[in-house]
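Student: The structure under discussion is supplied below as structure tokens; questions concerning it will follow.
The values are calculated or read from the model by the stated rules, or taken from the named source; none is laboratory data. None of these values were measured; they are calculated from a predicted model. Neighbour counts run over all protein chains shown; Cβ positions are idealised from the backbone, glycine included.
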Amino acid sequence: MLDVVLPLALLCLLLGAVLWAGGGKTLHEAQGSGIVEAIAGALEASPPPPEELVILSYSMAYGLGDLPYERAGPATVYDRLDAIIETIAASGAEVVLLQEVDFASRRTYDVDQLQYIAAVLGWGFVARVITWECRYLPLPFWPPGRHTGRLRAGQGVISRYQLVQNTRQRLSQPPTQPLLSPLFSPYRTVQMVDVQCGGRMVRLLNVHLEPREAATRQRQAQELVAFVRHVATPHCVLMGALNSVASEATARNGDPASKPDQTMDIITTGLRDRLRLVADTSPTYPAAAPRDRRDHALVGPGLQTVETQVVRLDAPVSDHLPLLVRLRWALPLATQNRSTNHEHL
């Protein structure tokens, strides 16, 4: 009898430990919290309305560099965050869409990276969505002293202009995950935020798609299209870590059975009457020698594209390079006020 009870008790204890470690979620709703945060002491909470709007998208790898499970010291993490801030400031951006941000996780020494970046920049408004959260992440498995531990991370928008609303739309997970793996895995997500720029409203879609499995990424692209078709406005900008594989990377793979990545074809075809691809950018990944993946920007018909640019860095601190777009209003404000009151939800 004891031979049966003891293993069963140990199994129950193990299961309980796993469920405890994978728990601790502070936000369960798939649609997100809708919270917009104001930064106390911001240098310029209400800048004048812009003639142009500069938006930067940056997948910042949690300030961990190219090796996400290497435990860097706190000075290294802060140096990387400061380098990210310098890149944002030098770019002239007024709104930044960030992916892979830690919100006071143990692995990055309990720094709320979104608040830290906004406070140093002196910008007034922040919106976040949680995409990855658990009490204890036991990765890498060995040695235990290198475990990630408590984890809370996601995506965020930092803005000089007032943020009006903040919504999260989850995308599907890879279908082949082990039974309890979703407790410890990130959700790929669309973050939707509205920005009040004087008398104009801009809708931002901050996207992070699956980086590894092409089939999952393409399914997420279809879900993204379905969502965006309902929420896109003429003044809409879609950017983020789209992780589309460049055709030349597929050719280098050398496997005749490998199929080209259809992610961007799905997105551009599905949204061609809502948003347009503003430019076919240079590769953004890996940052040190970009060649394999591209991140893109799509904008609505109410915006004109002045410039798109992959921001080159002498010493990258993330695995992606930032992407910048400079936009101008397609119509004067007086004309817009007469004709676009119905555009926004």
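Student: Among the residues of the stretch 178-201, what is the count of those that are part of a loop (DSSP other than H, G, I, E, B) and out of contact with any Ser or Thr (no Cβ under 7 Å at 6 or more places or on another chain)? Explain how you work it out, then say what you get.
Tutor: In the first step, residues of the stretch 178-201 are kept if they are part of a loop (DSSP other than H, G, I, E, B); the result is 178-180, 184-188, 198-199.
Among the residues that remain, those that are also out of contact with any Ser or Thr (no Cβ under 7 Å at 6 or more places or on another chain) are: 178-180, 184-185, 188, 198-199.
Total meeting the criteria: 8.
Student: Would you say PRO175 is at pLDDT 90 or above, more than 19 Å from VAL126 (Cβ to Cβ) and assigned to a loop (DSSP other than H, G, I, E, B)?
Tutor: Numbers: at pLDDT 90 or above: no; more than 19 Å from VAL126 (Cβ to Cβ): yes; assigned to a loop (DSSP other than H, G, I, E, B): yes.
Criteria not met by PRO175.
Student: Moving on to the next point. Any residue in the stretch 291-306 that's in contact (Cβ under 8 Å) with a residue 40 or more places away in the chain: show its pairings with residues that are part of a strand (DSSP E or B) and of a type in the set (Asp, Glu) at Cβ separation under 9 Å, as long as the two are six or more apart or on different chains.
Tutor: VAL306/GLU52
Student: Another one. Search the stretch 109-138 for residues that are closer than 10 Å to ILE39 by Cβ and touching a residue at least 60 places away in the same chain (Cβ under 8 Å) and pair each with any residue that is among the small types (Gly, Ala, Ser) and in a loop (DSSP other than H, G, I, E, B) when their beta-carbon atoms are under 7 Å apart and the residues are at least 6 apart or on different chains.
Tutor: Between residues of the stretch 109-138 that are closer than 10 Å to ILE39 by Cβ and touching a residue at least 60 places away in the same chain (Cβ under 8 Å) and residues that are among the small types (Gly, Ala, Ser) and in a loop (DSSP other than H, G, I, E, B), the close pairs are GLY122/ALA42; TRP123/ALA42; GLY124/ALA42; GLY124/ALA45.
Student: Let me ask you something else. Can you pull out every residue in the stretch 304-331 that is of a type in the set (A, V, I, L, M, F, W, C) and either within 17 Å of the chain's Cα centre (by Cα) or surrounded by 15 or more Cβ atoms within 10 Å (Cβ to Cβ) (or both)? Please lay out each step first, then the result.
Tutor: Let us first name the residues in the stretch 304-331 that are of a type in the set (A, V, I, L, M, F, W, C), namely 306, 310-311, 313, 315, 317, 321, 323-325, 327, 329-331.
VAL310, VAL311, LEU313, VAL317, LEU321, LEU323, LEU324, VAL325, LEU327, TRP329, ALA330, LEU331 - these are the residues of the stretch 304-331 that are of a type in the set (A, V, I, L, M, F, W, C) and either within 17 Å of the chain's Cα centre (by Cα) or surrounded by 15 or more Cβ atoms within 10 Å (Cβ to Cβ) (or both).
Student: Still on this structure: For SER159, indicate whether it is under 18 Å from the mean Cα position of the chain (by Cα), surrounded by fewer than 16 Cβ atoms within 10 Å (Cβ to Cβ) and not β-branched (Val, Ile, Thr). Can you show your working first?
Tutor: Details: under 18 Å from the mean Cα position of the chain (by Cα): yes; surrounded by fewer than 16 Cβ atoms within 10 Å (Cβ to Cβ): no; not β-branched (Val, Ile, Thr): yes.
Here the answer is no, as SER159 does not meet what is asked.
Student: List every residue pair whose Cβ atoms sit under 9 Å apart, with the two residues 6 or more apart in sequence or on different chains, where the first one lies in the stretch 1-17 and is more than 17 Å from LEU183 (Cβ to Cβ) and surrounded by 10 or more Cβ atoms within 10 Å (Cβ to Cβ) and the second, anywhere, is of a type in the set (Asp, Glu) and at pLDDT 70 or above.
Tutor: Listed pairs, sorted by first residue: none to list.
Student: Tell me, which residue of the stretch 189-204 that is hydrophobic (A, V, I, L, M, F, W, C) and over 12 Å from the mean Cα position of the chain (by Cα) is surrounded by the fewest Cβ atoms within 10 Å (Cβ to Cβ)?
Tutor: Keep residues of the stretch 189-204 that are hydrophobic (A, V, I, L, M, F, W, C), which gives 190, 192-193, 195, 197, 201-202, 204.
From the residues that got through so far, the ones that are over 12 Å from the mean Cα position of the chain (by Cα) too are 193, 195, 197, 201-202.
Values: VAL193: 25, VAL195: 25, CYS197: 20, MET201: 18, VAL202: 27.
Among residues in the stretch 189-204 that are hydrophobic (A, V, I, L, M, F, W, C) and over 12 Å from the mean Cα position of the chain (by Cα), the one surrounded by the fewest Cβ atoms within 10 Å (Cβ to Cβ) is MET201.
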